[in-house]
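Just below is one structure, and these are the notes that go with it.
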Amino acid sequence: MGAVKKDLHVAIIGAGMGGLAAALALAKQGFTHIEVYEHASNLGFVGAGIQLAPNMARILDRLGCWSPIEAEATDIKETKIFQGDTEVELAHIALPHIRETYGYAHMVGHRSNLAGSIYESCKAKKASISFFFATAASEIVSFGPKPSFTATPRKGGAPYTVTADVILAADGIKSVVRPQIMRELGVDADVEDTGQAAYRIMLKREDMAHDPELIALLDADRVTRWIGQRKHIIAYPVANKNVYNLSTAHPDTSFAAAPSATYTTKGSKSSMLDMYADFCPRVLKMLNLVPDGEVCEWKLRVHQPLPTWVHGSVALVGDACHPTLPHLNQGAAQAIEDAAVLSVVLAKCPSASAEDINKSLRVYEAVRKERATVLVGLAAASGKALHLGEGEAKKERDRQFAALKDKKGGSVPDKWADADVQKMIYGHDCMKVAEDEFYDIFKSF
Ligand SMILES: Cc1cc2nc3c(=O)[nH]c(=O)nc-3n(C[C@H](O)[C@H](O)[C@H](O)COP(=O)(O)OP(=O)(O)OC[C@H]3O[C@@H](n4cnc5c(N)ncnc54)[C@H](O)[C@@H]3O)c2cc1C
C-alpha cells in the first residue's frame, strides 16, 4: 500500500486518559498536527487512586512515560477480601507471578501522576501537539470528508469551527459526540443509570500514623476489599505509600435526590458514615478520618454496547464508547488501548482520503470493540458477585473464595484477580494485534 500521511490534522476532543494517550501515541508515530480541545481549564479532577494494570503499563512504557508513574506507584503482591461487617477474611490471593508473566507488575498509583506524566510527555512534543483548554466542543458540523465541529472558548470569545482530517472524540461518559453519531444512524441509545455511586477518598499517612491497624494497611503491597450487600470498599496505598486511597460502590441516594449534570458531587460525610454504618470498626475508623467537606461522590453510569464507534472520519474513544464500571479496574486502561490502536491504524492509513481514513478507523473498531465489550461485561459481573446478599449465590461465591484460601484454585469471583482473566487482559498486546492484522482487515472493507 501507499505512503503513510503523517501530516494528517487530527483533532482530539477531551484531555482525559484516552485523549492524552491518543495525542502522545500519535506524536510518537510521527504525526505532526495534533490538537486537543478540553472543556476544563486544566487536567481536571484527578484526586483519586487508579489501578495500573500491565496492559496499560506496556503501552505507557512504549510511549515513554511509564517510569515516572512506576516510580511512585505500589507494586501489588496480593489481594485480600473481607466480609465488610465482620471483617472475616473471605479470600487471600497472592499475585507474585504477574511481572514475570506479563513483563509488568500490577501496580496502583495516583491519578494525577498518571495523567500528569502523559501530559508532560505530550508537552515535550509541543511542535506536534497543541492544547486548547477551557474550550468546549459541541456540535459535529460534518462527519466528512473533512470532519468539523464547533468549539466554544469558555472564558469568552465567539464559537468557531475546527476542521480536521480526523476527529477523535475522547469526551468521556457524557460524550456530546456519541449521541450525534447515534442520531445519524437512527439509533435510540442513552447512558444508563446503574443505581450505584462511588465515594473516592484519600487519607494521608500522617492522619493514619497514630493507629498501628491503619498504618499496616498503608504499608502493605496489597489491594484490600471489604464487601457487603449492594456495596463494597476497595483500598490501596499510592503516592509512595504516603496516601491510602479508598473507593467505594454503593446504592446511589444522593444523585437520585439531586441529579447532577457532572455525575460528581460533594458528598456528605454523615451520609457516607450512615451508608457504611454496619461495616467493621477498622473501616469506620478510616471513614471518620475523612475531613468534612472532602467527600467526593461519583455517579456510576454505563451504556449498552454501541452498534459502531466510527462514523465518517470521526471515531469515539474510551468511556465515550465503552464506559466500564470500576470493578475490573480497566476503564482507563481500555481508553489507553484505544489510543494506542488508533495511533497504529492512522500511521498505516495509506492516504489522506476520507475513504482510507474511514477504513482505518474501522480497523481500530474491529481490533478493539469486541475486547472492550467483553471487559465491560466482566466488570459488571464482578460488581454483581461482590454485592450479593444472603442466599445460595453468596454461599457459592464464598465457597469459591474459601477454595482459593485453601490453595485449591478455581475461578475468582473478583474477576481482576482471576488468573484466566488476567491472561486475557494482561497478555493481550493490542498494538501488536493492530500492526499484524491491519492490512487484512483494511482490505476486507
Ligand atoms: C470510581 C471509579 C474508579 C475507577 N478506577 C479505575 C481503575 O482503577 N483503573 C482504570 O483503568 N480505570 C478506572 N476507572 C475508569 C476510568 O476513570 C475511566 O474509564 C477513564 O477515565 C476514561 O477515560 P476517558 O479519556 O475515556 O474519559 P475521561 O477520563 O472522563 O475524559 C474525558 C475528558 O473529556 C472532556 N470533555 C468532556 N466533554 C467535552 C467537550 N464537550 N468538549 C471538550 N472536552 C470535553 C472532560 O473534561 C474530560 O477531561 C474508574 C472510574 C471510576 C468512576
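The values are calculated or read from the model by the stated rules, or taken from the named source; none is laboratory data. Remember, it's a predicted structure, so these values are computed and weren't measured experimentally. Heads up, the Cβs are rebuilt from the backbone with ideal geometry, glycines too, and the neighbour counts pull from every protein chain shown. Heavy atoms of the whole protein, side chains included, go into the accessibility calculation; ligands, DNA and RNA do not. Shrake-Rupley method; radii C 1.70, N 1.55, O 1.52, S 1.80 Å.
Structure summary
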quantity	calculated
Shape category assigned to region 1-156 from the gyration tensor of Cα positions, a/c cut at 1.5	prolate
Largest to smallest accessible area among ASP193, ASP274 [probe 1.4 Å]	ASP274, ASP193
Whole-number percent relative contact order across the chain, with pairs defined as alpha carbons under 8 Å at least 6 apart	21
Computed over region 1-150: relative contact order in percent, which uses C-alpha pairs under 8 Å that are six or more apart	31
Protein-only accessible surface order, largest first, of CYS65, CYS296 at 1.4 Å	CYS296, CYS65
Over region 137-263, equivalent-ellipsoid semi-axes from the Cα gyration tensor in Å	42, 20, 14
Positive-pole candidate from SER351, VAL412, LEU361, dipole of region 348-445, charges at beta carbon	VAL412
Neighbour cut-off at most 14 other Cβ (10 Å), DSSP loop, trypsin sites (Lys or Arg not before Pro), region 67-174	LYS126, ARG154, LYS155
Distance (nanometres) between label positions extended 7 Å along Cα→Cβ at LYS443 and ASP219	6.1
Within the chain, helix-based [θ] at 222 nm, where runs of 4 or more DSSP H residues each add -39,500 (n - 2.57), nearest 500	-12000 deg cm²/dmol
Contact order normalised by residue count of region 141-288, Cα under 8 Å, 6+ apart, percent	16
Cα-based Rg / Dmax (Å) for region 260-324	18.1, 56
For region 192-304: rounded, prolate or oblate by the Cα gyration tensor [a/c cutoff 1.5]	prolate
Net +/- balance of residues flanking ALA21 in space, Cβ distance below 12 Å, scoring K and R +1, D and E -1	0
Where labels lie 7 Å past Cα in the beta-carbon direction, separation of GLU192 and ALA419 in nm	3.4
Integer Hz, Karplus 6.51/-1.76/1.60 couplings in order for region 162-170, x for Gly and Pro	9, 10, 9, 8, 9, 10, 10, 8, 9
Using a Förster distance of 30 Å, the FRET efficiency for SER351-ARG183 (Cβ separation, nearest 0.05)	0.55
Principal axis dimensions, region 369-437 - Cα atoms, whole angstrom, descending	47, 25, 11
Rg followed by Dmax, in Å, when region 8-48 is reduced to its Cα trace	10.9, 35
Reachable lysines from LYS28, criterion Cα separation under 20 angstrom, eight or more residues apart if same chain	LYS5, LYS6, LYS123, LYS125, LYS126, LYS348, LYS432
Segment HIS428-ASP211, extension gain: residue separation times 0.36 nm, minus the distance between their alpha carbons	74.0 nm
Given 14 as the ceiling on other Cβ atoms within 10 Å, longest exposed-site-free region of the chain for GluC sites (Glu not before Pro) in DSSP loops	88-293
Alpha-carbon radius of gyration plus Dmax, which is the widest Cα pair, for region 123-162 in Å	12.1, 32
Efficiency of FRET from Cβ geometry, ASP292 and ARG230, R₀ 22 Å, rounded to 0.05	0.30
Approximate spin-label separation THR163-THR86, in nm, with each point projected 7 Å along Cα-to-Cβ	6.9
Region 1-154 - charge dipole about Cα centre, Lys and Arg +1 at Cβ, Asp and Glu -1, debye rounded to 20	800
Sequence-distant residues sharing a close amide H with VAL141 (under 5 Å, placed H)	SER148, PHE149, THR150
Near-label residues of region 122-141 by backbone N, under 17 Å of a point 7 Å along Cα→Cβ of ARG154	131-139
Net charge dipole size for the chain [Lys, Arg +1 and Asp, Glu -1 on Cβ; Debye, nearest 20]	460
Stokes-Einstein D for region 318-445, Kirkwood Rh over Cα pairs, 20 °C, 1.002 mPa s (µm²/s)	130
Kirkwood Rh and Cα Rg combined as Rg/Rh, the chain	0.97
